[in-house]
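Here's the structure, in structure tokens; my notes come after.
The values are calculated or read from the model by the stated rules, or taken from the named source; none is laboratory data. Please read these numbers as outputs of a predicted model, since none were measured by experiment. Quick reminder, even Gly has a Cβ in these numbers, built from the backbone with ideal geometry, and neighbours come from all protein chains shown.
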Amino acid sequence: EDLTNGSYDDVLNAEQLRKLLYLLESTQDPVIIEKALVTVGNNAAFSVNQAILRELGGIPIVGNKINSPNPSIKEKALNALNNLSVNVENQIKIKIYINQVCEDVFSGPLNSAVQLAGLRLLTNMTVTNDHQHMLHSYITDLFQVLLTGNGSTKVQVLKLLLNLSENPAMTEGLLSAQVDSSFLSLYDGHIAKEILLRVLTLFQNINNCFKMEGCSASQHFTKGSLFFLLYGEECAQKIRSLVHHHDTEVKEKVVTIIPKI
């Protein structure tokens, strides 16, 4: 039977998944590998299969494919890991790939399918605080991609940064990151709402954690860091001016932030 030819709705049983994983592990044919990864990814969208695929040893089989020089295979492997990572137990096995995924995300082509797939996986892996510390050394890189990426890339990076920003243990790392001053242009009124709301929430989360931690001293943050951008007068002015924004959601968000700046 051709296990790689099913539609999204065809959920494979455990025996079929075992055969599929064997096929994925044993073949060298890039077309079959890609199809098999798509099928694994589609099946991993179902919670019952997330556990079955783990128990069948599927995570390292899929994970090994992110090392493929073929960007299409790499992307499909990342997509499959992304679906598998919804399961918290799976995350324990997937976390060993985080550094590799970060390297691919930050050294690969900007706005590529691989970069987006990697960012989505990292976003899933940081929904809880368990593995966020593994991204500590990549925070500056994240901001770099945020500033240079297109709209879709910006939104995905912001989703990831928002996860990190909710964790007080990551606050200092975020505020210490060296970030280009063009970051503040994301608070301009003409910026797309899906980006603007997220950068406002980013400020809100970081500020809440910062105040909660009782850190008021700025001496350990260097010039050029996110701290000096977020807590500078220019940022405060930009946020205040958004109170006149045409979008109600943006205005409501700003109203909750203004008393704190």
Original post:
Among the residues of the stretch 172-187, is there at least one that is closer than 15 Å to LEU146 by Cα, touching a residue at least 40 places away in the same chain (Cβ under 8 Å) and among the aromatic types (Phe, Trp, Tyr)?
Top reply: yes
**OP:** Go through the stretch 68-94 and give me each residue that's of a type in the set (D, E, K, R) and closer than 16 Å to THR27 by Cβ.
**Re:** LYS76
**OP:** Name the residue, out of SER185, SER152, that is exposed (fewer than 15 other Cβ atoms within 10 Å of the Cβ), within 18 Å of the chain's Cα centre (by Cα), assigned to a helix (DSSP H, G or I) and of a type outside the set (Lys, Arg).
**Re:** SER152
Original post:
Any idea which of LEU242, LEU196, LEU202 is more than 26 Å from the chain's Cα centre (by Cα) and surrounded by 17 or more Cβ atoms within 10 Å (Cβ to Cβ)?
Top reply: LEU242
Original post:
Among all residue pairs at least 6 apart or on different chains, which show Cβ distances below 7 Å where the first residue, located in the stretch 233-261, is within 11 Å of GLY189 (Cβ to Cβ) and in the same structural domain as LEU200 (by TED's automatic domain parsing) and the second is of a type in the set (D, E, K, R) and assigned to a helix (DSSP H, G or I)?
Top reply: VAL243/LYS251; HIS245/LYS251; ASP247/LYS193; VAL250/LYS193
**OP:** Scan the stretch 100-113 residue by residue and report those that are more than 19 Å from ILE61 (Cβ to Cβ) and either surrounded by 21 or more Cβ atoms within 10 Å (Cβ to Cβ) or more than 13 Å from the chain's Cα centre (by Cα) (or both).
**Re:** GLU103, VAL105, SER107, GLY108, PRO109, LEU110, ASN111, SER112, ALA113
Original post:
Does LEU158 fit the bill of being in contact with a Lys or Arg (Cβ under 6 Å, 6 or more places away or on another chain) and farther than 17 Å from ILE261 by Cα?
Top reply: yes
**OP:** Go over the candidates GLY173, GLY224 one by one and state the one that is at positive phi and under 25 Å from the mean Cα position of the chain (by Cα).
**Re:** GLY224
Subject >> Residue check for LYS223: of a type in the set (Lys, Arg), assigned to a helix (DSSP H, G or I) and either farther than 19 Å from VAL157 by Cα or in contact (Cβ under 8 Å) with a residue 24 or more places away in the chain (or both) >> reply: no
